[in-house]
Amino acid sequence: LDAAQTSLVFAAAALVEVVLFWPAGTVMDRHGRVWVAVPVAVLLGGGLVVLPVTTTLAGVAVVALVMGVGNGIGSGIVMTLGADAAPVTGRAPFLGVWRLLSLVGTNGAALVVAGVAAVASIAAASVVVGGLTLVGGAWLARWLPEYDPRRGGEAT
């Protein structure tokens, strides 16, 4: 892809992300965190796994839009889960550590990409990170508490 095509794909994906911020928050509040967290992992992980086999502008655009949907609906999910888990006493320090650990995860992914790309390829790195993201989605589906909006709290 040339620079103009790449810019258009990024712009379209960014537009999709921004449009989904508010609806994602509404879904989290009305139906629970799992209804956002798991699709985020599936969409982003699936996109990363499929991206290396795309060979056309249309293919890259579709994958970028799918990942834009995932990133858009995931806006704020990490800190929202942290706020949900934070104890009443010591909330600020807990959230500080929560944020630190989320940044360790973000930077750790960059190290995984660099490590895999150094011994294989950037395409392999995309598949590895995508696979790890899908495993994370399965973990979230299993362990993230269900939210019961009728009770105003978690069902378990």
Of the residues in the stretch 51-66 that are free of Cβ contacts under 8 Å to residues at least 24 places away in the same chain and not hydroxyl-bearing (Ser, Thr, Tyr), the one that is most open to solvent (accessible area, probe 1.4 Å) is Val53
Here the residues within the stretch 120-156 that are at pLDDT 85 or above, open to solvent by 40 Å² or more (accessible area, probe 1.4 Å) and not in a helix (DSSP H, G or I) are Ala120, Ser121
If you go through Ala109, Ala64, the only one that is at pLDDT below 95, among the hydrophobic types (A, V, I, L, M, F, W, C) and within 24 Å of Phe21 (Cβ to Cβ) is Ala109
- Query: out of contact with any Cys (no Cβ under 9 Å at 6 or more places or on another chain), farther than 21 Å from Gly82 by Cβ and among the β-branched types (Val, Ile, Thr) - does that describe any residue in the stretch 20-37?
  - Reply: no
Go through the residues of the stretch 34-41 one by one and say whether even a single one is farther than 24 Å from Ala4 by Cα, open to solvent by 40 Å² or more (accessible area, probe 1.4 Å) and not in a helix (DSSP H, G or I). no
Scanning the stretch 83-108 residue by residue, those aliphatic (A, V, I, L, M) and open to solvent by 40 Å² or more (accessible area, probe 1.4 Å) turn out to be Ala83, Ala85, Val88, Ala92, Leu95, Val97, Leu100, Leu101, Leu103, Val104
Of the residues in the stretch 23-33, those that are surrounded by 18 or more Cβ atoms within 10 Å (Cβ to Cβ) and part of a helix (DSSP H, G or I) come to Ala24, Met28
Every listed condition ((1) open to solvent by 20 Å² or more (accessible area, probe 1.4 Å); (2) closer than 20 Å to Val78 by Cα) holds for Ala4 save (2)
Those helices (runs of 4 or more DSSP H) completely within the stretch 46-119 that have 3 or more residues that are farther than 22 Å from Pro145 by Cα and among the small types (Gly, Ala, Ser) are 57-73, 91-119
Result of the Cβ filter at 7 Å on the stretch 84-105, keeping first residues that are under 18 Å from Gly136 (Cα atoms) and partners that are among the β-branched types (Val, Ile, Thr) and part of a helix (DSSP H, G or I), at least 6 apart or interchain, is Ser102/Val78
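The values are calculated or read from the model by the stated rules, or taken from the named source; none is laboratory data. Remember, predicted model here, so these are calculated numbers, not experimental data. Using ideal geometry, Cβ is built from the backbone for each residue, glycine included, and neighbour counts are taken over all protein chains shown. Only protein heavy atoms, including side chains, enter the accessible area calculation; ligands, DNA and RNA are left aside. Shrake-Rupley method; radii C 1.70, N 1.55, O 1.52, S 1.80 Å.
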